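Novice: Sharing a structure below in structure tokens format, with a few things to ask.
The values are calculated or read from the model by the stated rules, or taken from the named source; none is laboratory data. What you see is a predicted model; the values in this text were computed from it and never measured. Here the Cβ is made from the backbone with ideal geometry for all residues, glycine too, and neighbour counts use every protein chain on show. For the accessible areas, the whole protein counts, side chains as well, though only heavy atoms, and no ligand, DNA or RNA atoms are used. Shrake-Rupley method; radii C 1.70, N 1.55, O 1.52, S 1.80 Å.
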Amino acid sequence: MQLVVARIGRAHGIKGEVNVEVRTDEPELRLGPGAVLATDPATAGPLTIETGRVHSGRLLLRFEGVRDRSAAEALRNTLLIAEVDPEQLPEDPEEFYDHQLMDLDVVLADGTEIGRISDISHLPSQDLFIVERPDGSEAMIPFVEEIVTEIDLENQRAVIDPPPGLIDESQAESASSRDPEDEN
């Protein structure tokens, strides 16, 4: 099974290094020197990691055969893809691979069906579940502990406790309807 582990950003310096946006919780396992990664677009790879280092909180990689800024810049926005055994699980029991979460039923704590996870969007601040509702509409659920209270892989469901208005807009609180005492 293929897993997107990073996206190449802008070039760094003049010797072929690139910034990468890490999309794996295990960068030391997936993005270490010697790792051979497929790419999207496929014409850019495969790429073999020659070196890696952290600079100002960002991961910088250099690939074999990429020796200058122009070659590095040509790789911008390329996705790096690792081959992963589908039976392999992350070391941390609170972490999940996308393929484990896809198609899970999304329910409230009382069992009320909300929909099914159809996609996962990886944003810089958090991940979002894109949930297809029974009526064909979509809901976006932030994948944060306060909202997604349980991932039950055995029963193929994600239990959520959404704030008012996240699922049903008619329940949303407007700023003017809030109790002023709550804001102090």
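Novice: Determine the per residue accessible area of the chain with all protein chains present and a 1.4 angstrom probe, expressed in square angstrom.
Specialist: That works out to 61 Å² for each residue.
Novice: Step through the residues of the range 45-54 one at a time and calculate ³J(HN,Hα) from phi using the Karplus curve (6.51 cos²θ - 1.76 cosθ + 1.60, θ = phi - 60°), rounding each to whole Hz and writing x for Gly and Pro.
Specialist: x, x, 10, 10, 6, 8, 9, x, 7, 9
Novice: Still on this model: Count the net charge of all other residues whose Cβ sits under 10 Å from the Cβ of ARG53, scoring Lys and Arg as +1 and Asp and Glu as -1.
Specialist: Charge balance near ARG53 sits at +1.
Novice: Between LEU153 and ARG133, take the C-beta separation as r, use R0 = 25 Å, and let me know the FRET efficiency to the nearest 0.05.
Specialist: About 0.70, to the nearest 0.05.
Novice: Kindly write out, for the range 28-38 in residue order, the coupling ³J(HN,Hα) from the Karplus curve 6.51 cos²θ - 1.76 cosθ + 1.60 (θ = phi - 60°), rounded to whole Hz, with x marking Gly and Pro.
Specialist: 5, 7, 8, 10, x, x, x, 5, 10, 10, 6
Novice: While we're here: Please report the net charge: other residues with Cβ closer than 11 Å to the Cβ of LEU80, K and R +1, D and E -1.
Specialist: +1
Novice: While we're looking at this one, here's another question. In whole Hz, with x marking every Gly and Pro, tabulate ³J(HN,Hα) for the range 68-77 from phi via Karplus 6.51 cos²θ - 1.76 cosθ + 1.60, θ = phi - 60°.
Specialist: 9, 4, 4, 5, 5, 5, 5, 8, 3, 6
Novice: What does the charge count around ASP119 come to, taking other residues whose C-beta lies under 12 Å from its C-beta (Lys +1, Arg +1, Asp -1, Glu -1)?
Specialist: Result for the local shell: -4.
Novice: Can you tell me the dipole magnitude for the range 1-114 around its Cα centre, using point charges on the Cβ only (Lys, Arg +1; Asp, Glu -1), in Debye to the nearest 20?
Specialist: So the magnitude is around 1240 debye.
Novice: When P(r) over Cα pairs in 10 Å bins from 0, in percent is calculated directly from the model, which label among [x] 9, 35, 39, 15, 2; [y] 8, 30, 25, 20, 12, 3, 0; [z] 9, 30, 25, 17, 10, 5, 3, 1 fits?
Specialist: Matching the structure shown: [y].
Novice: Determine the relative contact order of the chain: mean sequence separation of Cα pairs under 8 Å and six or more apart, normalised by residue count, in whole percent.
Specialist: 16
Novice: Label points 7 Å out from Cα along the Cβ direction at LEU123 and ALA38: separation in nm?
Specialist: It works out to 2.9 nm between the two label points.
Novice: Something else about it: With the full set of protein chains in place, find how many percent of the accessible area of the chain is carbon and sulfur; take the probe as 1.4 Å.
Specialist: Within the chain, the accessible surface is 46 percent carbon and sulfur.
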